[in-house]
1. Run the dipole for the chain about the Cα centre, Lys and Arg Cβ at +1, Asp and Glu Cβ at -1, nothing else charged, and hand back the magnitude in debye, nearest 20.
2. Tell me, what is the Rg over Rh of the range 2-176, with Rh the Kirkwood radius over Cα pairs?
3. Can you list residues whose amide H is under 5 Å from Val26's amide H, if they're 5+ apart or on another chain and H is modeled 1.01 Å from N?
4. Where the only charges are on Cβ atoms (+1 Lys, Arg; -1 Asp, Glu), what is the dipole of the range 35-172 about its Cα centre, to the nearest 20 debye?
5. Using the 10 angstrom Cβ neighbour count as an exposure proxy, how do Phe6, Phe175 rank, fewest first?
6. Along the charge dipole of the chain, pointing to its positive end and built from +1/-1 on Cβ of Lys, Arg, Asp and Glu, which listed residue (Pro238, Leu215, Leu64) has its Cα farthest out?
7. Report, in whole Å, the centroid distance computed from the Cα atoms of the range 117-192 and the range 228-248.
8. Just the ratio, please: alpha-carbon radius of gyration of the range 150-189 over 2.2 N^0.38 Å, N its number of residues.
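A short reminder: the numbers here are calculations on the coordinates, not readings from a lab. In this text, all values refer to a predicted model and were calculated from it rather than measured experimentally. All Cβ positions, even for glycine, are placed from backbone atoms using ideal geometry, and neighbour counts span all protein chains on display.
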Amino acid sequence: MKLLIFGAGAIGTYIGGSLAANGNLVFYFDRKEMVSRIRQTGIKIHKADNTTISLDKPNISSDLADLLKAENFDCAIFAVKSFDTESLIHQVIEYQSQIPPIVCLQNGVENEITLKKLLPSVEIIAGSVTTAIGKTSDNEIVVEKLRGIGIENKGSLSKRFVNEMNRSGLKAKLFNNANDMKWSKMVTNLTSNAMSAILGMTPAEILDNNQLYSLEIEQLREALRVMQAFHFNIVDLPGTPVRLFCWVVKYLPPSISKKILVPFIAKGRGAKMPSFYIDLESGRGKSEVEFLNGAVVRFGEKSKVSTPVNLFLTDTLIALTEGRIERSEYLHQPEKVIDHFVNYGLIKK
């Protein structure tokens, strides 16, 4: 297949590099500084089976017109952070008639909606990446936990793309309902992500605190109530037993669920700082919290489902990101978050 990948970050590099190493023709579109860096360093992916993919001269350009003129692509992949979606679309929009179907592999549940609204003539296929991917200090990609990728089943192209992914070791699976897939993935992204960023504490430290753990559970329950209001179903994702996880969250009291979930969550996060913390500390002034916890709040408002924990996490982390709250306000001070919700009546001191 001929593939155009928007974004040469961790996800785009991992997916594109894996496909290119298996004989697919892959081209990247990204910013000039990213193009310059990757042309110098190439792409290196350390796989879960301890083998390494090395692409010394990947095809990458910051000139979209030239890329579209030179190649007739089978499909494109959106692999940028959710906060960069609209700005990227505005670079793409004038070439809309030349853009192939787009597979959206971004976190959150609204990127596909935005893509369909702003690029109405382009077919949009939803996707969810459950494989855990990291970067080394010299920007090499590391597959930390191979789980797989979910792709919305929209016919022959989806099936062909999934086949190519599976030939390339990406463990892809088709899903008939995009909303079920994307919301199930988002629930897994919420766990000890925003709270970790706000407090500057590891997920393990947060989950060890009984009151913070209760807030984490309530955050997830709010999302599950919103899903129920919209009749979205919880589905298992590649390598991720989401249904069992959500059953424990929904039905067991925190005092019991903690014994079950903390070891499970610790395998995925533990002492590793999550993406929201990394984005906050980078100082780039952007956060995906608006597109995850914020989406729970927005959909909750539409369905009249109360979401106070997600609202607090969204508003507080956005304010920290934009510098409207000093970083020191909540840093290593869990009692401030706890007191807020004690006053709210959601937890007891």
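1. Magnitude of the dipole: close to 880 debye.
2. So for the range 2-176, dividing Rg by the Kirkwood Rh gives 0.93.
3. For Val26, the qualifying residues are Leu3.
4. That gives the range 35-172 a dipole magnitude of about 400 debye.
5. Ascending number of Cβ neighbours within 10 Å: Phe175, Phe6.
6. Pro238
7. Using only Cα atoms, the two centres lie 16 Å from each other.
8. Compared with the compact-globule rule of thumb, the range 150-189 sits at 1.21.
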